[in-house]
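Dumping the structure here so I can ask a few things about it.
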Amino acid sequence: MKALWIGAAGLMGLALLPVQAQKSSADAIAEYRKMLEDGNPADLFEAKGEALWKQKRGPKNASLESCDLGKGPGVVKGAFVELPRHFVDTKKVQDLESRLVTCMSTLQGLNADEIAKTPFGRGEQENVTALATYVAAASRGLRFNLPQAHAEERRMYEIGKRVFYFRGGPYDFSCASCHGEDGKRIRLQDLPNLNKNPGDGIGFAAWPAYRVSNGQMWGMQLRLNDCYRQQRFPYPGFGSEATIAVSTYMGVNAKGAESIAPSIKR
Amino acid sequence: MVARRLVLERCAQVAGLLAAAGLLPSAARAAWPQAAFDAKNLADAVKALGGSAPVESKDVTLTGPDIAENGAVVPVGCACSLPGLKRLALLVEKNPNTLAAVFDVTDALEPNFSTRVKMGQSSNVFAVAMLGDGKVLYAQKEIKVTLGGCGG
Amino acid sequence: MAADPMRIRAQAQGDKAVVRVLMSHEMETGQRKDSAGKTIPAWFIQEVTAAHNGKTVLNAEWGPAVSKNPFLQFTIKGAKAGDKITVNWVDNRGEKRSDEATVT
């Protein structure tokens with residue numbers, strides 16, 4: 001029996017699959033994603049990040065090997081699943097990417113402001129993404145366990161919750177518009193409910209990720225930046241309090257979820 | 001002198017055309033098969049690779065997903081266990097140029113390869129096996145390509 | 001501009017080795033246009049070869065339809081742990097890359 005042709009936008013058409021293809025489109029997509037897991041181009045960025053971690057660079061000609069990501073200088077494994085967290089030296093809650101920039105600045109002498117202003121995918125931002133991929137990979141399989149012992153950590157969680165629900169922009173969207181309830185979907189993309197633990201490897205537990213649609217490696221900072229773009233908000237600054245707060249909110253909510261970062265995404 | 005230059009240019013052009021059609025004697029390393037990679041359909045691509053008309057066969061395997069969430073990266077595999085296998089190729093019927101990749105099969109390798117290809121739209125994908133006796137066999141599978149939502 | 005290294009994993013499975021390679025390459029088709037409307041020139045890997053303990057085992061010709069940051073999997077007969085695998089590519093600009101791995 002000849003299969004009915006289905007066009008790219010033909011969601012309706014998917015309901016008319018021939019008898020032998022009993023699996024749902026959600027199952028078929030899950031199969032496709034599974035096929036891509038082995039041989040994730042994120043590995044290329046992870047390798048680059050590892051090289052950058054160990055390489056002496058910047059005006060101070062130093063490596064990042066004594067960078068403290070929250071578990072002590074140079075401790076990479078386990079750091080990712082406890083970020084964002086409060087740091088004594090900067091007196092603030094930082095996420096992975098802003099903390100990497102702090103280390104690149106204090107240890108290597110690179111200019112933090114310049115890096116923050118550099119567009120994603122260019123110059124030092126490319127390196128930040130590669131480093132974030134390396135650090136995340138070192139926690140693969142571990143479960144999120146962000147600390148909330150410090151008052152600042154709790155404050156950022158509360159701010160993050162407000163940011164999550166803050167409606168604005170010409171469409172009056174908030175994060176919650178897409179991620180505030182169970183069972184939401186955009187076309188064939190399931191949207192995880194980020195008010196709670198959405199499950200292993202989902203939502204906060206899946207980024208950084210390699211996006212096949214543009215062949216780019218995206219950290220959480222770029223993921224959030226793009227969410228705001230889709231909501232027609234002004235772009236948040238790199239490492240801004242709003243992005244760190246909402247990351248804290250998502251990360252704490254994801255407590256216990258297994259990290260699969262760096263993952264592969266559409 | 002002008003005439004000589006024109007003659008030399010013309011010779012180069014003709015040589016280029018011959019090379020593109022795969023008709024020049026092969027050098028130590030074969031030139032990249034331009035004509036095959038320019039072909040717009042299965043029959044022309046196979047012909048440009050020096051093969052006879054392809055015949056569908058259960059002895060060739062094409063593996064791939066039923067639906068690819070994004071056409072930029074579609075995992076596909078080609079395999080064939082028949083003796084005398086010389087080459088395996090992957091083609092995407094509706095791509096601007098149908099041939100995606102060609103693998104030379106040697107005794108040192110298992111006769112199966114996997115890679116990822118770009119698909120411009122939902123299309124049939126072919127695995128083609130070229131045998132030493134001149135037979136060309138193929139398998140096909142329809143892979144649907146859909147864009148999905150917002151990349152989350 | 002030197003290309004980034006490939007990631008090669010070669011795993012012994014009985015009397016053969018499954019080799020999985022990730023290559024860092026744009027694989028630009030030559031079909032796309034930039035924001036100014038100019039066609040972005042084609043730039044893609046054309047030849048891939050691989051050697052097992054110095055002996056060539058794989059020859060492949062690729063076109064621009066192979067995905068960006070290409071993945072390749074093939075299986076070498078008679079390979080065992082400790083053997084050396086080399087993978088090489090040449091693109092349409094003549095740029096090359098060669099990387100090695102040991103079968104584990």
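We did not get these values from a lab; they are worked out from the coordinates using the rules stated. Remember, predicted model here, so these are calculated numbers, not experimental data. Using ideal geometry, Cβ is built from the backbone for each residue, glycine included, and neighbour counts are taken over all protein chains shown.
Determine ³J(HN,Hα), in whole Hz, for all residues of the stretch A:183-189 in sequence, where each value follows from phi through the Karplus function 6.51 cos²θ - 1.76 cosθ + 1.60 and θ = phi - 60°; x replaces Gly and Pro.
Listing the rounded values in order: x, 8, 8, 10, 6, 9, 9 Hz.
Continuing with the same structure: Check the straight Cα-Cα distances from residue B:40 and name the aspartates and glutamates below 18 Å, setting aside those fewer than 8 residues away within the same chain.
Cross-link targets: B:93, B:142, C:61.
Beyond 22 Å between alpha-carbons counts as too far, so tell me which of B:144/C:68; A:23/B:144; A:34/C:55 fall in that bin. The partial results should precede the final answer.
Numbers: B:144/C:68 20 Å; A:23/B:144 14 Å; A:34/C:55 34 Å.
Check vs 22 Å cut-off fails for A:34/C:55.
Quick one: dipole size for the stretch C:7-102, taken about the Cα centre, charges +1 on Lys/Arg Cβ and -1 on Asp/Glu Cβ, in debye to the nearest 20.
Details: 15 positive and 11 negative charges, 40 e Å.
Here the stretch C:7-102 has a charge dipole of around 200 debye.
Output wanted: per-residue J couplings in Hz (rounded whole) for the stretch A:212-221, from phi through Karplus 6.51 cos²θ - 1.76 cosθ + 1.60, θ = phi - 60°, x for Gly and Pro.
Once θ is set to phi - 60°, the couplings for the stretch A:212-221 become 5, 4, 10, x, 10, 9, 10, x, 5, 4 Hz.
Can you tell me the FRET efficiency between residue B:142 and residue C:40 if r is taken as the Cβ-Cβ distance and R0 is 30 Å, rounded to the nearest 0.05?
On the way: r = 30 Å, r/R0 = 1.00.
The value I calculate is 0.50.
Continuing with the same structure: What is the Cα centroid distance between the stretch B:29-96 and the stretch A:198-251, reported in whole angstrom?
39 Å
Now, a different point. Which FRET efficiency, nearest 0.05, do residue A:200 and residue C:56 yield, Cβ-Cβ r, R0 30 Å?
On the way: r = 43 Å, r/R0 = 1.44.
Taking R0 as 30 Å, the efficiency between residue A:200 and residue C:56 is 0.10.
While we're here: Using a cut-off of 12 Å between beta-carbons, work out the net charge of the residues near residue B:125 (Lys and Arg +1, Asp and Glu -1, residue B:125 not included). Don't jump to the answer; show the numbers that get you there.
Details: positive: B:94, B:116, B:118, B:141, B:144; negative: B:66, B:93, B:142.
Computed value for this residue: +2.
Let me ask you something else. Based on the Cβ-Cβ distance from residue A:214 to residue C:11, what FRET efficiency comes out when R0 is 30 Å, to the nearest 0.05?
My answer for the efficiency is 0.50.
Residue A:249: net charge of surrounding residues, Cβ under 12 Å, Lys/Arg +1, Asp/Glu -1, itself excluded?
Values: positive: A:154, A:155, A:161, A:162, A:196, A:255; negative: A:95, A:153, A:158.
That works out to +3.
Using a basic spin-label model with each label point 7 Å from the Cα along Cα→Cβ, how many nm lie between residue C:104 and residue A:241?
4.5 nm
Choose one answer from A:186, A:159, A:202: the residue with the largest mean-square fluctuation in a GNM of chain A with alpha-carbon springs under 10 Å.
So, out of A:186, A:159, A:202, the one fluctuating most is A:186.
So what's the net charge close to residue A:25: Lys and Arg +1, Asp and Glu -1, counting the other residues with Cβ under 12 Å from its Cβ? Before the final figure, lay out each step's value.
Numbers: positive: A:23, A:185, A:187, B:144; negative: A:27, A:31, A:190, B:66, B:69.
My count for the surroundings of residue A:25 gives -1.
Please get the size of the charge dipole for the stretch A:42-265, origin at its Cα centre, with Cβ charges of +1 on Lys and Arg and -1 on Asp and Glu, quoted in debye to the nearest 20.
Details: 30 positive and 24 negative charges, 39 e Å.
So the dipole magnitude of the stretch A:42-265 works out to roughly 180 debye.
Return the single residue from A:151, A:176, A:51 with maximal mean-square fluctuation; model: Gaussian network over chain A, springs between Cα atoms under 10 Å.
Top of the fluctuation ranking is A:151.
Here's a follow-up. Measuring from centroid to centroid over Cα atoms, what is the spacing of the stretch A:123-167 and the stretch C:25-104 in Å?
The two parts, judged by their Cα centres, are 36 Å apart.
How far is it, in nm, from the label point at residue B:55 to the one at residue A:66 when both lie 7 Å from their Cα along the line to the Cβ?
The modelled label-to-label distance comes out at 7.4 nm.
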